[in-house]
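Reviewing the structure listed below.
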Amino acid sequence: MTPSSSGITGGIAGGTSAASKLLETTDLKARLSKVKILILDVDGVMTDGRVFWLDGHGWTRHFHIKDGYGLKLLTKHGVDVAVISGGDSKDVRTRMEFLKIKHVFLGDEDKLKALDKIAQSTGFKYEEMAFMGDDLFDIPIIERVGFSATVPHAVAEVKSRVHYITESYGGWGAVREVADAIRKAQGLGPYLD
C-alpha cells in the first residue's frame, strides 16, 4: 500500500494546504522567513525510502514531480537548495542534475562536514538554513539549523527533535510542503493564497 492508496495525501490534496497550516505558528513562520537554503536528505525525504532494481539501469528510487517543482520554484525565487545524503548512486546524481541543485554531497554519513562546506561556500548562517531528514545521522544537522522538519515515517529520535513533522510522506509531497511554506513565509509567488 502506498500513502496515496491509503488516503494519505497531505499537502498535495485540495483545501487548506499543509504549508498554510505550518505558517499558523508564529515561531515557525519567523524561522521560515529567514531561510536562504533548504537542505534535504534523499532516502525517506525526497523518496519514500524504497529502492528497486531496474534491469539495465541498476538500483533506482521514486521521486515525486510535485517535490521537484517545489524546489524549482524556490530556486527561481532566490532560495538555494542542497542535498546531503549518506548514499551515493547514479539515479540520485541524475535527479539532482535535472533539478539543477548546486550543492550536492553524497556518500558520507558524517553530514556535518557537508553542512560546514555549505556554510563556507554560501556564507549563510546556520539559522538561515532549513533541513529535512528522517534518520539518526541527520540529528546533528537537525540540532544546528534554524528550521528542521521530518516526515511521518521518520525514526522517533528525529521526530522528537524537529520543529515540524510534515503531513505528507517522504516521496509523496513532503518536500513540496516545506518548500511551499518557505515561499509563503517570504512572500515569494506565485499563488501565495
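The values are calculated or read from the model by the stated rules, or taken from the named source; none is laboratory data. Keep in mind that what you see is a predicted model, and the values were worked out from it rather than measured. For neighbour counting, all protein chains shown are included, and Cβ atoms are generated from backbone atoms with ideal geometry for every residue, glycine included. Remember, those area values only see protein heavy atoms, side chains included, never the ligands or the DNA or RNA. Shrake-Rupley method; radii C 1.70, N 1.55, O 1.52, S 1.80 Å.
Numbers for the structure displayed
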item: Residue in segment 148-161 that is touching a strand residue (DSSP E or B) at 6+ places or on another chain (Cβ under 7 Å), small (G, A, S) and part of a helix (DSSP H, G or I) present; result: no
item: Inter-residue pairs, beta-carbon under 6 Å, first touching a residue at least 60 places away in the same chain (Cβ under 8 Å) and surrounded by fewer than 24 Cβ atoms within 10 Å (Cβ to Cβ) and in segment 168-190, second part of a helix (DSSP H, G or I) and not β-branched (V, I, T), 6+ apart; result: K184/A19; A185/K29; A185/L32; A185/S33; Q186/S33
item: Conditions (1) among the acidic types (D, E); (2) part of a helix (DSSP H, G or I); (3) surrounded by 15 or more Cβ atoms within 10 Å (Cβ to Cβ); number of the one not met by E97; result: (3)
item: Odd one out for A156 among (1) closer than 20 Å to V79 by Cα; (2) small (G, A, S); (3) at pLDDT 95 or above; (4) open to solvent by 10 Å² or more (accessible area, probe 1.4 Å); result: (1)
item: Candidates A82, A130, filtered to the one that is in contact with a Gly (Cβ under 9 Å, 6 or more places away or on another chain), modelled with pLDDT of 95 or more and closer than 23 Å to Y164 by Cα; result: A130
item: Residue, least open to solvent (accessible area, probe 1.4 Å), within segment 135-147, restricted to residues that are within 18 Å of G107 (Cβ to Cβ) and not β-branched (V, I, T); result: D138
item: When residues of segment 100-134 are limited to those that are in a helix (DSSP H, G or I) and touching an Asp or Glu at 6+ places or on another chain (Cβ under 8 Å), the one surrounded by the most Cβ atoms within 10 Å (Cβ to Cβ); result: K111
item: Residue match in segment 45-66 (condition: closer than 18 Å to T150 by Cβ, modelled with pLDDT of 90 or more and within 16 Å of the chain's Cα centre (by Cα)); result: yes
